[in-house]
Amino acid sequence: MSVAQSPNARIPATVITGFLGSGKTTLVNHILHKEHGKKIAVIVNEFGEINIDGQLVVQDDQAELVEFNNGCLCCTVRGDLIETLKDLQGRAGDLDGILIETTGLADPAPVASTFFVADEVKSAIQLDAFVTVVDAVNLMINLEQSHEAVEQVAFSDVVLINKVDLVEPSVLEQIEAKVRALNPLALIHYTTNAEIDLEHVIGIGAFDLVQKLEVDPKFLEDHDHEHDDEVGSFIIEESRPIDLNRFNLWLNDIAQNLGNDLYRTKGIFHARGFQERIVFQSVRMLTTMRPERLWAEDETRSSQFVVIGKNLNRADFVRGFAECVVS
Ligand SMILES: Nc1nc2c(ncn2[C@@H]2O[C@H](COP(=O)(O)OP(=O)(O)OP(=O)(O)O)[C@@H](O)[C@H]2O)c(=O)[nH]1
């Protein structure tokens with residue numbers, strides 16, 4: 001059952017930011033799974049050519065999903081975001097909220113300014129809050145390596161310090177102090193698997209334009225914004241089945257060699273011995289793999305492997321991945 005607002009109320013939009021692998025998709029899934037009876041539209045933007053996140057967002061019949069690939073919401077596909085928001089703006093009586101998951105490399109300010117530039121968007125949709133998911137394991141290295149990671153924390157209204165299960169309490173104190181130093185005003189919550197009561201993240205009216213302008217007086221102006229050229233992503237696709245043991249050994253080797261330059265890999269694999277799709281995730285050195293749903297009868301089985309990092313050599317990855325094919 002939807003509890004949508006009156007047709008005149010503006011639809012609240014929550015922007016979810018956070019560096020690569022921090023837990024944004026996990027948060028979106030958590031929100032969609034909650035028994036809240038709300039009708040929520042989800043917009044997912046991914047840096048690579050193929051949207052793995054879009055495939056991993058578990059849809060129910062209350063949610064609808066719009067995906068943007070091959071560009072970042074904060075720059076190349078910002079026009080698409082405006083168009084999508086315009087499409088949604090007529091739904092004020094029907095939608096309870098909009099969730100926007102940005103790429104892990106998004107600069108938050110240009111995404112926020114989108115809500116204040118187009119008249120149609122402004123009048124029907126209200127930017128409710130910037131929620132930033134912080135990876136408690138990797139925050140310090142992320143801040144060191146990426147100015148986007150710094151801006152995501154500095155610009156947020158709500159910070160979820162996530163992956164609490166993986167760090168000691170003393171580390172959490174340091175993480176909180178770092179977050180506070182970058183953003184004294186944000187509301188901070190600790191989470192594992194981004195589990196948070198919806199009342200802390202949706203419909204909270206936390207975005208304060210005046211306060212944001214104090215932090216960044218130019219944020220509504222057109223940004224001359226560039227991503228670090230050395231950071232890139234690519235996707236490798238393979239139709240033959242993958243030998244997961246070989247893959248694990250190979251990736252482990254690469255991760256050791258590349259160290260902090262390998263930010264994130266993820267994939268959906270067609271693997272030997274499994275009737276299910278295998279979902280693979282790695283955030284820096286930490287990897288997980290799990291069988292997901294069964295391949296459908298009419299579905300073409302294939303693997304898609306996304307790699308994101310700094311100064312990576314695509315050819316090396318393509319060659320290595322090909323060697324993981326079942327021989
Ligand atoms: N142990 C642990 N793992 C987590 C937690 N939150 C998320 N993860 C795992 O971390 C990995 C990355 O999570 P995602 O939700 O895909 O992260 P993301 O921010 O959407 O990643 P990108 O879209 O690549 O930026 C997945 O394997 C999650 O299952 C947590 O609190 N604890």
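Nothing in this text is a laboratory measurement; each read-out follows from the coordinates by a stated rule. On a predicted model such as this, the values are computed, not experimentally measured, just so you know. Here the Cβ positions follow ideal geometry from the backbone for every residue, glycine too, while neighbour counts run over all protein chains shown.
Tabulate in residue order the Karplus-calculated ³J(HN,Hα) for region 102-111, using 6.51 cos²θ - 1.76 cosθ + 1.60 with θ = phi - 60°, rounded to whole Hz; enter x for Gly and Pro.
8, 5, x, 10, 6, 7, x, 4, x, 5
Starting with the highest mean, order 208-214, 242-248 by the number of other Cβ atoms within 10 Å, averaged over the residues of each peptide.
242-248, 208-214
Would you grab the residues whose amide H sits under 5 Å from the one on VAL133? Only those 5+ places off in sequence or on another chain, please, with H modelled 1.01 Å from N.
THR17, GLY18, LEU160
In whole Å, how far is the Cα centre of region 260-296 from that of region 83-125?
31
If amide H atoms are built 1.01 Å from N in the plane of the peptide, which residues on other chains or at least 5 residues away come under 5 Å of the amide H of ALA271?
ILE242, ILE278
Note down the magnitude of the dipole of region 103-159 about its Cα centre, charges +1 on Lys and Arg C-beta and -1 on Asp and Glu C-beta and zero elsewhere, to the nearest 20 debye.
In total the dipole reaches around 40 debye.
Going through the cross-link list LYS24/LYS266; LYS34/LYS266; LYS24/LYS86, which pairs have a Cα-Cα distance over 19 Å in this structure? Walk me through the numbers before you get to the answer.
Working: LYS24/LYS266 14 Å; LYS34/LYS266 25 Å; LYS24/LYS86 24 Å.
As for pairs spanning more than 19 Å Cα to Cα, those are LYS34/LYS266; LYS24/LYS86.
Name the residues whose placed amide hydrogens come within less than 5 Å of the amide hydrogen of ALA186, ignoring near sequence neighbours (fewer than 5 apart) on the same chain.
Correct list: empty.
Would you kindly derive the ³J(HN,Hα) couplings of region 281-289 from the backbone phi angles with the Karplus curve 6.51 cos²θ - 1.76 cosθ + 1.60 (θ = phi - 60°), listing them in order in whole Hz, with x for Gly and Pro?
Residue by residue, region 281-289 yields 9, 9, 10, 6, 8, 9, 10, 9, 9 Hz.
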